[in-house]
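Have a look at the structure below before the remarks.
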Protein chains: 2
Amino acid sequence: MAESPSAKKKREGIEETHGTPGAQGNGGSDGDSFPLAELRVRKVLRESARDKTIFLHGQVNGVSGDGTDAVVILEKTPFQEENISDLLKRHTKLQLQMTNDIYSTYLLYPPPQLNEIKTTVVYPATEKHLQKYLRQEVYLIRETGEDYKNISLPFIQSQSFSIQWVYNILEKKAEADRIIYENPNPSDGFVLIPDFKWNQKQLDDLYLIAISHHREIKSLRDLTSEHLPLLRNILEEGKGAILKHFAVAGSQLRIYLHYQPSYYHLHVHFTALSYDAPGCSVERAHLLSDVIDNLELDSQYYQKRALTFPLRADEALLKKFQEAGKA
Amino acid sequence: MAESPSAKKKREGIEETHGTPGAQGNGGSDGDSFPLAELRVRKVLRESARDKTIFLHGQVNGVSGDGTDAVVILEKTPFQEENISDLLKRHTKLQLQMTNDIYSTYLLYPPPQLNEIKTTVVYPATEKHLQKYLRQEVYLIRETGEDYKNISLPFIQSQSFSIQWVYNILEKKAEADRIIYENPNPSDGFVLIPDFKWNQKQLDDLYLIAISHHREIKSLRDLTSEHLPLLRNILEEGKGAILKHFAVAGSQLRIYLHYQPSYYHLHVHFTALSYDAPGCSVERAHLLSDVIDNLELDSQYYQKRALTFPLRADEALLKKFQEAGKA
């Protein structure tokens, strides 16, 4: 296949850094033992025909015969340039669907090793996990600084969603081999790690997360000018590390925070600009460059300003806003 | 990059017309004979990691040995609920990728018949077909207030893109029957009209545009606190009109401006929150509520602040930034 030198370099960059498929993190139980074949599918929680994903609620019968809940997420994987020729040549069957003038469509059945499915398992799963993945109506909230203090913050503090997995990463108790870059400073440093959603095999859907070593910043709302050194480190060193490891320039990265975040420990998303990443819409994402500029303008910008975010119908925080007559 | 709506519509149009699997149209050669295995891949024209699609430029050697161009589009297919249990039980291999706490990821290799790839062939393809599917690289620009004055504004003024079609709407010379709502005030009024991309047949992809009667506001960059009455009218009256005509509440609308806009006459986008509308990403969209709050904070906010936006490699404005050493 004709391939541009830069594309080739990019690919090799990935492979150099992450040469061990199947490598295991070192913080968990033996994943091989999850009995996928014995999973009984109870319900489709959500699916996307566009993304080629499906979210399942399943149950696994234990030795005692009782069912334990699991969430299983299946996602077809993006095409990999280096496998395309094999895919075209080594298909097991090619079935003509229709033909009209110069256009024709087929179903192509590739050999299994060229067409894997990414499978994510949450097991055992709680009711909260099941709700998290269930499709729901979505509403916009416009939260003032006062609303945050009176409604959102007490709610967040009352929740006990564990972020042990974040501390596992920061302390190298899990996923240590996946770390791309680290600035170890406890207040201004961070760890850069590929997001679970990215398989690192192609750059089109590049997705990394910078996780702050500072543990007292819950979200955008807590940021003041005192955090500018941390934010600038994440922006500049994060871009530098991605350029070095993946040969992707900073001008081709979308670098942003979520508000509300999915977990309350400061982290920043790095996605390929050409990748229409989930959660990069204007109602949830805040460009890190804008955040820095706003904090330079006014240290209290994110304490004072109203912030918009979407909430699903089943989210408890929506109920709190409704009870307060604010939604 | 996402496929253009027209390209998508065109492809889907083909399928609608030829719904019988295996049926052949009567205008083409025998599709069975397209020698897919002999295709030499010359170039990846475009790919989408999110959609799991890839667009290829290939060549097939004829009997005479000369290469004929083809476009081949591969797209992984959405999951089908009825096959899910088979997929989980009858996989050929399940490879553990990583495990951390209750989360684990695997690669699952299903048997070929449960994991087909939709393949669309355009053959023979002309240069026009190749260009149509070729993707452009996209770069982020961070434009300071000075950059706007020195680079972007002179460029915009040098362009002579006609916006007569906008004036035709405002003056009821065209599309008058499509107007949903109007506030006729020449400085604080606007016209609300469905966007061309929305067929108005379902609410899932609701898309309307508010076009300002004020003609001297090119974009976000021109807005000051003097325009707050106009912006508040668009926000409040726009939401009211959409609730009245389409029974969609304001809390289910994403209301935003583009920067850069696609035409330099102030307009505001209203899209269904649940609709993943093109152009609603954080690097291009600005929530109208945020714009209003920022102008209340500082009348000159949008003259002073750096603004980020994406430009495609073939756009003339990118060249201007490159010449100025700013991209």
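The values are calculated or read from the model by the stated rules, or taken from the named source; none is laboratory data. Treat the numbers as computed from the prediction; the structure is a model and nothing was measured. Here the Cβ is made from the backbone with ideal geometry for all residues, glycine too, and neighbour counts use every protein chain on show. The accessibility values were calculated without ligands, DNA or RNA, using every heavy atom of the protein model including side chains. Shrake-Rupley method; radii C 1.70, N 1.55, O 1.52, S 1.80 Å.
Can you find even one residue in segment B:51-74 that is outside any strand (DSSP E or B), surrounded by fewer than 21 Cβ atoms within 10 Å (Cβ to Cβ) and within 7 Å of chain A (Cβ to nearest Cβ)? Taking every residue of segment B:51-74 in turn, at least one turns out to be outside any strand (DSSP E or B), surrounded by fewer than 21 Cβ atoms within 10 Å (Cβ to Cβ) and within 7 Å of chain A (Cβ to nearest Cβ). Among the residues that make up segment A:205-218, is at least one of them closer than 17 Å to A:LEU288 by Cα, touching a residue at least 12 places away in the same chain (Cβ under 8 Å) and of a type in the set (Phe, Trp, Tyr)? Yes. Summed over segment A:84-100, the residues that are surrounded by fewer than 16 Cβ atoms within 10 Å (Cβ to Cβ) and out of contact with any strand residue (DSSP E or B) (no Cβ under 8 Å at 6 or more places or on another chain) give a count of 3. Any residue that is within 25 Å of B:TYR301 (Cβ to Cβ) and modelled with pLDDT under 95 - is there at least one of those in segment A:289-297? For segment A:289-297, residues within 25 Å of B:TYR301 (Cβ to Cβ) and modelled with pLDDT under 95: present. The set of residues in segment A:134-143 being over 18 Å from the mean Cα position of the chain (by Cα) and surrounded by fewer than 17 Cβ atoms within 10 Å (Cβ to Cβ) consists of A:GLN136, A:GLU137. Scanning segment A:235-259 for residues that are part of a strand (DSSP E or B), of a type in the set (Ser, Thr, Tyr) and in contact with a Lys or Arg (Cβ under 8 Å, 6 or more places away or on another chain) yields a total of 0.
Scanning segment B:219-234 for residues that are polar (S, T, N, Q) and either in a helix (DSSP H, G or I) or closer than 14 Å to B:ASP293 by Cα (or both) turns up B:THR224, B:SER225, B:ASN233. If I ask for residues that are open to solvent by 10 Å² or more (accessible area, probe 1.4 Å) and of a type in the set (Lys, Arg), which ones from segment A:251-290 would you list? The one that is open to solvent by 10 Å² or more (accessible area, probe 1.4 Å) and of a type in the set (Lys, Arg): A:ARG284. Number of residues in segment A:180-207 that are touching a helix residue (DSSP H, G or I) at 6+ places or on another chain (Cβ under 8 Å) and either of a type in the set (Asp, Glu) or closer than 20 Å to A:TYR263 by Cα (or both): the value is 8. Of all residues in segment B:1-10, at least one satisfies being more than 8 Å from every other protein chain (Cβ to nearest Cβ), modelled with pLDDT under 90, buried (at least 16 other Cβ atoms within 10 Å of the Cβ) and closer than 26 Å to B:PRO124 by Cβ.
If you filter segment A:299-309 down to residues that are open to solvent by less than 30 Å² (accessible area, probe 1.4 Å) and either among the acidic types (Asp, Glu) or not in a loop (DSSP other than H, G, I, E, B) (or both), you find that the one that is nearest to B:TYR256 (Cα to Cα) is A:THR308.
Out of the residues in segment A:181-200 that are in contact with a Ser or Thr (Cβ under 8 Å, 6 or more places away or on another chain) and crowded, with 21+ Cβ neighbours inside 10 Å, which is farthest from A:SER299 (Cα to Cα)? For segment A:181-200, the residue satisfying everything is A:ASN199. Would you confirm, using the coordinates I've provided, whether A:GLN136 is more than 7 Å from chain B (Cβ to nearest Cβ), touching a residue at least 24 places away in the same chain (Cβ under 8 Å), polar (S, T, N, Q) and part of a helix (DSSP H, G or I)? Criteria not met by A:GLN136. The listed residues are A:PHE321, A:PHE246, and the only one of them that is surrounded by 19 or more Cβ atoms within 10 Å (Cβ to Cβ), in contact (Cβ under 8 Å) with a residue 24 or more places away in the chain, in contact with a strand residue (DSSP E or B) (Cβ under 7 Å, 6 or more places away or on another chain) and of a type outside the set (Gly, Ala, Ser) turns out to be A:PHE321. Taking the criterion of being within 29 Å of B:ARG46 (Cβ to Cβ) and in contact with a Ser or Thr (Cβ under 7 Å, 6 or more places away or on another chain), the residues of segment B:61-105 that qualify are B:GLY62, B:VAL72, B:ILE73, B:LEU74, B:GLU75, B:GLN97, B:THR105.
Suppose we keep only residues that are under 20 Å from the mean Cα position of the chain (by Cα) and more than 10 Å from chain B (Cβ to nearest Cβ) within segment A:144-165. Which one would you say is surrounded by the most Cβ atoms within 10 Å (Cβ to Cβ)? Taking the candidates together, the pick is A:ILE163. Scan segment B:307-327 for residues that are over 24 Å from the mean Cα position of the chain (by Cα) and under 30 Å from A:TYR301 (Cα atoms) and the total you get is 1. For A:HIS214, indicate whether it is in a helix (DSSP H, G or I) and open to solvent by 10 Å² or more (accessible area, probe 1.4 Å). Judged against the criteria, A:HIS214 is not a match. Looking across segment B:81-128, the residues that are in a strand (DSSP E or B) and aromatic (Phe, Trp, Tyr) come down to B:TYR103, B:TYR106, B:TYR109. Inspect segment A:223-240 for any residue being in contact with an Asp or Glu (Cβ under 7 Å, 6 or more places away or on another chain) and crowded, with 19+ Cβ neighbours inside 10 Å and give the result as yes or no. Scanning segment A:223-240, I find at least one residue that is in contact with an Asp or Glu (Cβ under 7 Å, 6 or more places away or on another chain) and crowded, with 19+ Cβ neighbours inside 10 Å, so the answer is yes. Pairs only if they're at least six apart or on different chains, beta carbon under 6 angstrom, first in segment B:72-87 and more than 29 Å from A:THR99 (Cβ to Cβ), second assigned to a loop (DSSP other than H, G, I, E, B); list them, first residue then second. Correct list of pairs: B:LEU87/B:PRO110. Can you find even one residue in segment B:244-258 that is touching a helix residue (DSSP H, G or I) at 6+ places or on another chain (Cβ under 9 Å), more than 14 Å from chain A (Cβ to nearest Cβ) and under 27 Å from A:PRO310 (Cβ atoms)? For segment B:244-258, residues touching a helix residue (DSSP H, G or I) at 6+ places or on another chain (Cβ under 9 Å), more than 14 Å from chain A (Cβ to nearest Cβ) and under 27 Å from A:PRO310 (Cβ atoms): absent. Of the residues screened, A:ASP293 is one that is part of a helix (DSSP H, G or I) and buried (at least 16 other Cβ atoms within 10 Å of the Cβ). Kindly indicate whether A:ARG284 is within 11 Å of chain B (Cβ to nearest Cβ), within 17 Å of A:SER152 (Cα to Cα) and at pLDDT 95 or above. Here the answer is yes, as A:ARG284 does meet what is asked.
If you filter segment A:101-133 down to residues that are more than 24 Å from the chain's Cα centre (by Cα) and either surrounded by fewer than 18 Cβ atoms within 10 Å (Cβ to Cβ) or among the aliphatic types (A, V, I, L, M) (or both), you find that the one that is farthest from the other protein chains (Cβ to nearest Cβ) is A:LEU114.
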